[in-house]
Each structure stands twice: as C-alpha cells, then as structure tokens.
C-alpha cells in the first residue's frame with residue numbers, strides 16, 4: 001500500500017504562504033490593541049443604547065435624558081410614560097455583550113451598581129423641575145442583536 005506523506009496537499013507551484021492557519025483568519029491584521037478593543041466596546045454600547053431607546057419610543061415612551069452623568073454614576077436612558085394611569089419614569093440600564101461567554105448581561109447589574117443607579121436617579125429627579133409619579137428601574141440586555149427588557153428589575 002505505501003505510506004501517505006505528512007506534508008499538506010498543494011497544487012503544483014503553490015507557495016507556502018497560503019498553506020498555514022493565516023489563510024483562514026479574518027482580514028484584520030493580528031490582534032486588537034487595548035485601545036482598539038475599548039473603541040469596539042464603546043461603539044457596541046452606543047449602538048445598543050440607540051436600539052433600546054428606539055424600543056422604548058415604539059412602546060410609547062418619551063426619552064427625557066440619555067447618558068446623564070453625575071458624580072455617583074451615569075443613567076443610560078431616562079424615559080417617561082404618560083400611557084399608564086400614573087405618570088411613570090423608567091430609568092433604564094443598558095447592558096450589551098457580543099456573546100454570553102462571560103454570562104448574561106442581566107447578571108452584570110450588581111447590588112453596588114443598583115445602589116449607584118438609585119443615588120444618580122435621586123440626583124436627576126432633584127435637578128429636574130418637573131414632578132413625576134412613579135419611578136421604575138429597568139434593565140435592558142442586548143446580546144448580539146437580541147433585546148431583552150426586564151421591567152421593575154430592582
């Protein structure tokens with residue numbers, strides 16, 4: 001019978017440069033730097049916030065504020081609904097991940113983050129001159145392109 005050659009099969013005259021694993025990689029040159037990863041992560045976060053804001057607009061909410069900052073933290077989306085019996089403010093924390101390799105985005109809202117959101121919401125409400133009814137904390141998860149919203153999350 002004979003033995004098979006251990007060398008890869010290649011066409012006559014083919015060069016070695018296309019025979020290795022580099023041939024199957026994507027077009028990006030090498031690995032991303034720390035700065036490039038941060039830029040990709042921030043772009044995903046902005047895209048996810050826009051997606052969730054559109055979701056709330058379609059649901060009849062009016063977006064009052066986006067990315068509102070104070071010393072204690074940031075409120076991603078603050079939406080107002082007059083469709084309910086009681087005018088309600090929904091403070092939405094948006095979490096976006098490309099995959100669930102490190103767990104669900106919903107799991108990443110810890111008790112410490114909840115406390116910061118409550119303090120920031122209190123400061124937001126005192127800075128606004130309008131009087132609102134109820135306040136609700138929602139968490140919106142964007143995993144890949146799928147949106148999942150948990151109302152009254154905490």
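For segment 22-150, build the convex hull from the C-alpha positions and give me its volume per residue in Å³.
129
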* Any chance you could run the full-extension gain for residue 154 through residue 118? It's 0.36 nm times the residue separation minus the Cα-Cα distance, nm to one decimal. => 12.0 nm
* **residue 128-residue 35 FRET efficiency (beta carbon distance; Förster radius 30 Å; 0.05 resolution)** => 0.25
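None of the figures in this text is laboratory data; all of them are computed from the coordinates on show. Small disclaimer: the values here were computed from a predicted structure and weren't measured. Backbone-built Cβ (ideal geometry, glycine too); neighbour counts: all protein chains shown.
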